[in-house]
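**Q** Have a look at the structure that comes next, please.
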Amino acid sequence: MARNDRRDWGEVQRRKTAKGWRYYPRYRLPGTDRRFTPGVAFETRGAADGWLKAERERWEDAVATGTIAQWLPPREFRAAAVVERERAAVTVADMIGRWIAYKAATSWEESTRQTVERQLTLRVLDVDGDAGRFATLPLVDVKRRDANEWWSAVWAQFPDTAATNNAAKKHVTAAFRWAAREELIPASPVDLESRRAKVGQGATRSDLPTIADIRMILAATPERYRFPTALALVHGLRTQEVLGLRRWQVKCSVDADGAVSWVVDLSDRERVRAAVRLMVDGKQQMVDKGLKTEDSYRVVPVFPEFNEMCERHMRLYAAPGADGVVVVTRNGTRLLDTGWNTTLSRAAGRAADALAEGLPEGEAAVVRKRVTDVRKHDGRRFVATELLEAGMTPVAAGAFIGDRNAAVIQEHYLRQTAERTAEGLARVAERLRGSGE
């Protein structure tokens, strides 16, 4: 038989069930005819009374704070609490994983997904020290200071990797903005500025390799990889563009006077491909994809000085057939970009030793640093600077290297050479002397 025990706030009904006596609390919201129950039975009267007390306090708190409009009935309140607990359990790492999955499903190519995931793994998801704490924070608790502390820790732990650091920062910013749009958080707390490493600590080099440096590096490069390296260091081709080249793209022509010329044809949007390194079935492979930007589709003339090198490479080292890959290893497999990096680094080391030989210690150290720091991407800066100093407009120079954005050319690629700086200063000094007479 059921029995009701009335209280100042609600009542508790005692009922006999197959499992024994159970207690069912309920209450009427003051000033209304609305009655509410927890939707479950309690095994003890104390538990039922405790539920009524908590509900009374929840209502009185809403009255006191003027938030009656936001008050929820018990079942809705409990469901909202479950959602909030689940939301609070999501860490920064969990959110980043969801963001990557969303982008991969909606817009990214596989190469982009792997690149972004690798960069975030190195700086957020699988990193030791203070930088690693950020990934473990509950997403809903992240404050601006947490993001700032992560960013400072990244630079403290990795002062010489500006490119990777800034890429990770860009991805973290995008992920938090996505989380805000998905209402996982009310707003993004991430507002970080890109940084550049200090000179000597991985900063974008302010100087450039000289023509003599590049000649010596090419001479020290194994012949199989010499022409591809010349395409990167002297002609401004991107790594992906060189490694994606097919035999049909390297074209020779002879004019009426018998002069031979070569071009690298990157203009066919249907056939031209870049090669990117991906993990496929647990193994790194070079996989073809489209070129980086629309401006990348172009025709690049080979400088006449490299005609013989080009002809020799195509005759001895390119894979056979019109669609044969231009850059392959001695085993006939496609060259990985990492393998090429190692080859260039060793060649630069040998070139640096040769160029520094016989120089005073201080000068030798400067030469070694300049030459051993050479990377393939420096070729884009080198050729852009040479073309601009030769009188080309930024747009024309950009068309040669596949980037027509004049602002990008000026800011990221142009590097005033020491010789041009000295010549400019000498001209100004000469004019100043003339004006004083």
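The values are calculated or read from the model by the stated rules, or taken from the named source; none is laboratory data. Bear in mind the structure is a predicted one, so any value in this text is a computation, not a measurement. Here the Cβ is made from the backbone with ideal geometry for all residues, glycine too, and neighbour counts use every protein chain on show.
**Q** If I ask for residues that are farther than 19 Å from GLU270 by Cα and within 30 Å of the chain's Cα centre (by Cα), which ones from region 239-254 would you list?
**A** Passing the criteria: only THR239.
**Q** Test PRO25 against the stated conditions and say whether it is touching a Ser or Thr at 6+ places or on another chain (Cβ under 8 Å) and not assigned by TED's automatic domain parsing to the domain that holds ALA175.
**A** yes
**Q** Assuming GLY379 fulfils every condition listed in (1) exposed (fewer than 14 other Cβ atoms within 10 Å of the Cβ); (2) under 29 Å from GLU311 (Cβ atoms) apart from one, which condition is it?
**A** Of (1) exposed (fewer than 14 other Cβ atoms within 10 Å of the Cβ); (2) under 29 Å from GLU311 (Cβ atoms), only one is false for GLY379: (1).
**Q** Could you please give the count of residues in region 382-405 that are within 20 Å of LEU291 (Cβ to Cβ), among the aliphatic types (A, V, I, L, M) and either crowded, with 16+ Cβ neighbours inside 10 Å or at pLDDT below 65 (or both)?
**A** Here the count works out to 5.
**Q** Quickly run through region 253-300 and pick out the residues that are touching a Leu at 6+ places or on another chain (Cβ under 7 Å), polar (S, T, N, Q) and under 24 Å from ARG224 (Cβ atoms).
**A** Within region 253-300, GLN284, GLN285 meet the criteria.
**Q** Which of (1) closer than 29 Å to VAL276 by Cα; (2) of a type in the set (Lys, Arg); (3) surrounded by fewer than 20 Cβ atoms within 10 Å (Cβ to Cβ) is the odd one out, the single condition ARG368 does not satisfy?
**A** Exception for ARG368: condition (1).
**Q** Yes or no: region 281-298 includes at least one residue that is more than 20 Å from the chain's Cα centre (by Cα) and of a type in the set (A, V, I, L, M).
**A** The answer is no, given that none of the residues of region 281-298 is more than 20 Å from the chain's Cα centre (by Cα) and of a type in the set (A, V, I, L, M).
**Q** May I pose another question? PHE158 - would you say it is in contact with an Asp or Glu (Cβ under 7 Å, 6 or more places away or on another chain) and either modelled with pLDDT under 95 or of a type in the set (A, V, I, L, M, F, W, C) (or both)?
**A** Answer is no for this residue.
**Q** I need the full set of residues from region 19-46 which are assigned to a helix (DSSP H, G or I) and loosely packed, with under 13 Cβ neighbours inside 10 Å, in order please.
**A** Within region 19-46, GLY46 is the sole residue that qualifies.
**Q** A further question on this structure: How many residues are within 33 Å of the chain's Cα centre (by Cα) and farther than 16 Å from VAL264 by Cα if we restrict to region 299-317?
**A** Counting residues in region 299-317 that are within 33 Å of the chain's Cα centre (by Cα) and farther than 16 Å from VAL264 by Cα gives 0.
**Q** Can you pull out the helices (runs of 4 or more DSSP H) entirely within region 318-401 that have at least 2 residues that are under 24 Å from the mean Cα position of the chain (by Cα)?
**A** Per the criteria, 337-356, 378-389, 394-401.
**Q** Restrict the check to region 136-151 and report whether at least one residue is more than 22 Å from ARG98 (Cα to Cα) and touching a Leu at 6+ places or on another chain (Cβ under 8 Å).
**A** yes
**Q** Under 16 Å from GLU109 (Cβ atoms), in contact with a strand residue (DSSP E or B) (Cβ under 9 Å, 6 or more places away or on another chain) and not β-branched (Val, Ile, Thr) - does that describe any residue in region 293-303?
**A** yes
**Q** Of (1) surrounded by 15 or more Cβ atoms within 10 Å (Cβ to Cβ); (2) among the acidic types (Asp, Glu); (3) without any contact (Cβ under 8 Å) to a residue 24 or more places away in the chain, ASP281 satisfies all except one. Which?
**A** It fails just one condition, (1).
**Q** Can you find a residue that is at negative phi, touching a helix residue (DSSP H, G or I) at 6+ places or on another chain (Cβ under 6 Å) and at pLDDT below 85 anywhere in region 415-436?
**A** Yes - at least one qualifying residue is present in region 415-436.
**Q** Within region 301-326, work out how many residues are surrounded by 14 or more Cβ atoms within 10 Å (Cβ to Cβ) and more than 14 Å from PHE227 (Cα to Cα).
**A** Residues in region 301-326 being surrounded by 14 or more Cβ atoms within 10 Å (Cβ to Cβ) and more than 14 Å from PHE227 (Cα to Cα): 2 in total.
**Q** When you go through TRP99, TRP108 one by one, which is the residue that is among the aromatic types (Phe, Trp, Tyr) and under 25 Å from MET286 (Cα atoms)?
**A** Result of the check over TRP99, TRP108: TRP108.
**Q** Could you list, in sequence order, all residues of region 252-276 that are closer than 20 Å to THR239 by Cβ and touching a Ser or Thr at 6+ places or on another chain (Cβ under 7 Å)?
**A** Once the filter is applied, which keeps residues that are closer than 20 Å to THR239 by Cβ and touching a Ser or Thr at 6+ places or on another chain (Cβ under 7 Å), region 252-276 yields LEU266, VAL276.
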